[in-house]
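Here the structure comes first, spelled out in structure tokens, and everything after it is commentary.
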Amino acid sequence: MAKTKAVPVPVANAMDLIWNDGVVPAWLLGMTLGFVLLFPILKALFPKTCRKRGAFLLAFELVAAVPLFMCAYYGVTGWFFQVDDFTTKEQRLYDVSPAAVKVLQTNFAFQTWDFAVSFLHKELNSPEMLAHHSIAALLCYWGLTMPYMHYYAIYFFGVSEVSSVPLVVVDICKYYPEFAKRFPSVEFAAKLAFALFFILVRDVFWVYTAVTVWSDGVGVLRQGNNPEKYPAYVTAGVLIANAFFSTLQIVWTGKLLEGAKEVFGKNAKKVK
């Protein structure tokens, strides 16, 4: 792995990476325009098979695929090639990573946009998903403005999104069933890839990384020597949020196993 040293904390305005440098506004504008353009096009192209409900959700999934893919790309490249120098808990908690900045800006924009759009459709605005988007956006905000826990941000907001990329294809097949009927192998491959990536990045390695962040966070809280700009309530808040997201992974894993049982059960019946 290539060695990339941790970057000292720069002196910058708290809003520089949230708004002033233009990255987050560009993402928000691009996603909004993409959705506004796609929605009527899909309604016009598929008036019978892709009704208003389907067109809305399909447009949403197609737009979401872009920031999710970029989060996954920034996360994977950052995790494997740009974190070798984060060897102490102080570095993992307080040092800045350029890769993490890209992940956090992209994910912050996506979570904010997703939260707003979710209110426009009942299938998107379940309480747990609204909580997920709002808490994730808050953590991204802290990560960018303080900055904080960039090492862990690369994994939890970047690498973990690897499983979201094939999930977009699965959802496209769900909201546009004619596509799934025409290309059943694509749907099956997407479901299989989603299941494998989910287990790897949101179960196995998620737990390992969560244990490490809890070890670092609790260690700092016990010592009581955290820097003044990183109050204890922020560290405690991050750990509580991590527990919330980890619980969600368990719930989603249960749903994933139920879905896998149903899919493979149907395939087994077809073989017979």
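The values are calculated or read from the model by the stated rules, or taken from the named source; none is laboratory data. Not measured: the values here are computed from a predicted model. Neighbour counts are summed over all protein chains in view; Cβ atoms, including those assigned to glycine, are modelled from backbone coordinates with ideal geometry. The area values use the complete protein model at the heavy-atom level, side chains included, leaving out ligands, DNA and RNA. Shrake-Rupley method; radii C 1.70, N 1.55, O 1.52, S 1.80 Å.
Expected output is a single nm value to one decimal: the length gained when fully extending between F69 and L248, i.e. 0.36 nm times separation in residues minus the C-alpha distance. What is it?
Value of the extension gain: 62.3 nm.
Along the charge dipole of the chain, which of L17, V207, F56 sits closest to the positive end, that is, farthest toward it, with unit charges on the beta carbon of Lys, Arg, Asp and Glu (+1, +1, -1, -1)?
F56
Report the FRET efficiency, 1/(1 + (r/R0)^6), for R53 and V207, where r is their Cβ-Cβ distance and R0 is 45 Å, rounded to 0.05. Provide the component values of the computation, followed by the final result.
On the way: r = 36 Å, r/R0 = 0.81.
That gives a FRET efficiency of 0.80.
Rounded if a/c is under 1.5, else prolate if a/b beats b/c, else oblate: with a ≥ b ≥ c from the C-alpha gyration tensor eigenvalues square-rooted, which is the range 143-272? Could you put the intermediate results ahead of the total?
Values: a/c = 3.88, a/b = 2.64, b/c = 1.47.
Since a/c reaches 1.5 and a/b is larger than b/c, the shape of the range 143-272 is classed as prolate.
Which of H121, H133, H150 moves the most in a Gaussian network model of the chain with Cα springs under 10 Å?
Largest GNM mean-square fluctuation: H121.
What does the accessible area of I18 come to, in Å² to the nearest 10, when a probe of 1.4 Å is used?
10
Whenever you get a sec, compute what percent of the accessible area on the range 42-152 sits on carbon and sulfur atoms (1.4 Å probe). Let's see the in-between values first.
Working: 3020 of 4570 Å².
Ligands and nucleic acids excluded, carbon and sulfur reach 66 percent.
Taking springs between alpha-carbon atoms closer than 10 angstrom, which of V101, V162, V211 fluctuates most in the Gaussian network model of the chain?
Judging by the Gaussian network model, the answer is V211.
When ligands, DNA and RNA are left out and all protein chains stay put, how many square angstrom of accessible area per residue does the chain have with a 1.4 Å probe?
On the way: 14140 Å² over 272 residues.
Accessible area per residue: 52 Å².
From largest accessible area down, sort D114, D16; use a 1.4 Å probe on the protein chains. Please list the in-between numbers first.
Details: D114 10, D16 50 Å².
I get D16, D114, largest accessible area first.
How much length would be gained if the chain were fully extended between T77 and S126, taking 0.36 nm per residue of separation minus their Cα-Cα distance, in nm to one decimal?
Values: separation 49, 0.36 × 49 = 17.64 nm, distance 3.23 nm.
This chain segment gains 14.4 nm when fully extended.
Using a 1.4 angstrom probe on heavy atoms only, work out the carbon and sulfur share of the accessible area of the range 157-241 in %.
On the way: 3060 of 4410 Å².
In the range 157-241, the share of accessible area belonging to carbon and sulfur is 70 percent.
What's the extension gain from A189 to Q223 if we count 0.36 nm per residue and subtract their Cα-Cα distance?
Answer, rounded to one decimal: 7.4 nm.
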